[in-house]
Amino acid sequence: MMQRLISFSLLLVIGLSISGCSLSTTQPQDSKITSLQRLNVDAPARRILDIQTWQTASGTKVFFVQSDELPMLDLQLTFAAGSSQEGAAYGLAQLTNSLIGAGTNKYNADQIAQAFEALGAEFNQGSYRDMAILSLRTLSTAELSQPAVELFAEVITRPNFPVQAIQRVQNQLLASFEQQKKIPSHIANRALFAQLYGTHPYAHPSAGTEQTIPRLKRQQLADFYQTYYNAHNAQLALVGNLTRQDAEAIAEQISRALPQGVAASKTPQPQTPKATHLHIEFPSNQTHILLAQLGIERGHPDYAALFIANQILGGSGFGSRLMEEVREKRGLTYGIYSSFSPMQAQGPFTISVQTRAELSEATLGFVRELLSEYVQNGPTEAELATAKQEFLGSFPLSAASNAAIVGQLGAIGFYDLPLNWLETLMQDVQQLTLEQLNTALRNHIQPDALVVVTVGPSVPQLPLPEPVIRNAQPQGHQH
């Protein structure tokens, strides 16, 4: 599933790393937090990020931020164990990840869930194209955090992949695939990645297919786990109310319990695809349109310029050019968005819009024109100033979430970014010029080389509507 990684929602996360960000709070200093539910709404008065890093004796790189404002600990292990590592066994990475927690030789799934609940702790996992994640959230008092960490270590280092659990998840996936056949956005996204990436590991869906999922066996899951969930293929992020000594002890406890092995090789860069237009017939009143090309990888030096350029184009919702021209002036859609999704290899640059089937060709042609004009002429000084202001203004809004910080530490470790990457990003955005934006746009977006996927019915087409002149609208009219 496509992710809008470069969007203003991301700003709620990346702002966490800026030193000195603070939020006012009315929480008394002597108040006590007794549940993780309170932690989701209570914000610390101030957060200063000081990233400490080291490597365990078993070869796991650790990233630690001491945060004493809240009595909690967030812990995340990030492995190079995403679907890009699974070869032709599509779905193996996600199936393996989802079944960590389904049982060990010591505990079954119900016992694991009940034990975490009794401790007031949360265990989560996730699997994506690049990475797999295992995380723990617990209150940091020793009587709760110590058994929670011990249980976490037991669950993630000794999974036994019960056959019945495998079959249950396989059946659930097959049922979800049937449902996705009825959802045009899923059809379009799946086809787009196949067209954009060809034979590259990003081309296939991370969840697998209805052909591959039934063929996956328990031994394949055990082998994938042993190969990729090892200490050398992991980064460990810790954020919480604990000392460096405590963090080192936890890191060693977890790292030495993981299998030994080697770090996975990085995902290769994809080949640039030819411009294509794939239409998929689907019985609906709407047509889903996706336009895409290869974008950039994480850590690319043009990230800041492309981020801001995309916010102006279609990443900032109602303030963007695409929304203004396609929705507000022409009434062609309820929403149109653009995004860069940088990954370990080049992720996609995508424009997504849904419109009435009889206006699909006109809408597609109009969006192409808007993109070409934007790449050729770039944004205005006013647009750049507004985008900078919105970007910089969003940083303090994110200073309350330890979970967001631990996720960012995981990304910094996995993508081998500098420890001050987020702070540098803020500085880079502040210093951006129109010339830098225009150069980045022309270097990375080729409007005549797009991969296009449309999903909808073949119906007689209507011409592009004339634009609405707002000053001529009746007073009080709203879109």
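What the table shows:
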| item | result |
| --- | --- |
| Strands (runs of 3 or more DSSP E) wholly inside segment 233-324 that include at least 1 residues being surrounded by fewer than 14 Cβ atoms within 10 Å (Cβ to Cβ) and not β-branched (Val, Ile, Thr) | 276-281 |
| Unmet criterion (only one of (1) closer than 30 Å to His232 by Cβ; (2) surrounded by fewer than 22 Cβ atoms within 10 Å (Cβ to Cβ)) for Leu409 | (2) |
| Which listed residue is open to solvent by 60 Å² or more (accessible area, probe 1.4 Å) and either aromatic (Phe, Trp, Tyr) or closer than 25 Å to Gln344 by Cα (or both), from Asn420, Asn438, Asn377, Asn402 | Asn420 |
| Selection within segment 126-180 - free of Cβ contacts under 8 Å to residues at least 24 places away in the same chain and of a type in the set (S, T, N, Q) | Gln146, Gln164, Gln167, Asn171, Gln172, Gln179, Gln180 |
| Meets criteria (among the charged types (D, E, K, R), closer than 18 Å to Arg137 by Cβ and under 24 Å from the mean Cα position of the chain (by Cα)) for Asp68 | no |
| Unique residue being touching a helix residue (DSSP H, G or I) at 6+ places or on another chain (Cβ under 8 Å), more than 25 Å from Met343 (Cα to Cα), aromatic (Phe, Trp, Tyr) and open to solvent by 20 Å² or more (accessible area, probe 1.4 Å) when the list is Tyr107, Tyr90, Tyr128 | Tyr107 |
| Residue satisfying condition, being under 22 Å from Ala249 (Cα atoms), touching a Gly at 6+ places or on another chain (Cβ under 8 Å) and either open to solvent by 10 Å² or more (accessible area, probe 1.4 Å) or at pLDDT 95 or above (or both), within set Ile133, Ile112 | Ile133 |
| Check on Gln55, surrounded by fewer than 18 Cβ atoms within 10 Å (Cβ to Cβ), touching a strand residue (DSSP E or B) at 6+ places or on another chain (Cβ under 8 Å) and under 16 Å from Ala234 (Cα atoms) | yes |
| Ala142 being more than 26 Å from Leu409 (Cβ to Cβ) and surrounded by fewer than 20 Cβ atoms within 10 Å (Cβ to Cβ) | no |
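The values are calculated or read from the model by the stated rules, or taken from the named source; none is laboratory data. Because the structure is a prediction, the values reported are computed rather than measured. Here Cβ is always computed from backbone atoms with ideal geometry, including for glycine, and neighbour counts include all displayed protein chains. The accessibility values were calculated without ligands, DNA or RNA, using every heavy atom of the protein model including side chains. Shrake-Rupley method; radii C 1.70, N 1.55, O 1.52, S 1.80 Å.
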